[in-house]
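Take a look at the structure set out below.
The values are calculated or read from the model by the stated rules, or taken from the named source; none is laboratory data. Because the structure is a prediction, the values reported are computed rather than measured. Reconstructed Cβ throughout: ideal geometry from the backbone, glycine too, with neighbour counts over all protein chains shown.
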Amino acid sequence: MEAFTGFIETKVELWKLEAKEEIGALIAKMLLVMLVALFATMMILFLTLGLAHWLNVVLESRFIGFIVVGVIYAGLTGLIYFNRRSIIEKMVEKQNEEIDGVSTIDEEI
């Protein structure tokens, strides 16, 4: 009986360690994604401002470049909005494939 209790305790400790390891990896991945998203956002912001300023110089205006860039972003936003259902479906399918892939690997072991 003591061997069985020891086995259960060891198994529980193993699960705890595995959970801590997975949580640590998940946190590291999330931080990396957030950092990349921050830098990508800053890059897009400055490139957009540069494009708007350049258009202002080319068009010899103080504001038309910003209007043109705003219209471009409005068009992109509309495009994403009207295709949101298919975009969401593709994302869900991809997540389901990843989950299925993990479960099949676990079943093989």
Practice task
Considering every residue within the range 3-10, establish whether at least one is out of contact with any His (no Cβ under 8 Å at 6 or more places or on another chain), among the charged types (D, E, K, R) and surrounded by 10 or more Cβ atoms within 10 Å (Cβ to Cβ).
Solution key: yes
Exercise for the section: For the range 32-48, name all the residues that are of a type in the set (Gly, Ala, Ser) and either over 16 Å from LEU76 (Cβ atoms) or outside any helix (DSSP H, G or I) (or both). Expected result: ALA37
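Condition check: in a helix (DSSP H, G or I), at pLDDT 95 or above and touching a helix residue (DSSP H, G or I) at 6+ places or on another chain (Cβ under 9 Å). Does LEU51 satisfy that? Explain how you work it out, then say what you get.
Values: in a helix (DSSP H, G or I): yes; at pLDDT 95 or above: yes; touching a helix residue (DSSP H, G or I) at 6+ places or on another chain (Cβ under 9 Å): yes.
Here the answer is yes, as LEU51 does meet what is asked.
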Handout entry: Where a residue in the range 37-58 is farther than 11 Å from VAL69 by Cα and of a type in the set (A, V, I, L, M) and its partner, wherever it lies, is assigned to a helix (DSSP H, G or I) and modelled with pLDDT under 95, with Cβ under 8 Å and at least six apart
Key = none
Problem - The lone exception for SER61 - which of (1) part of a helix (DSSP H, G or I); (2) surrounded by 10 or more Cβ atoms within 10 Å (Cβ to Cβ) it fails - result: (1)
Practice task
With the condition kept exactly as written, say whether any residue in the range 75-89 is modelled with pLDDT of 90 or more and not in a helix (DSSP H, G or I).
Solution key: yes
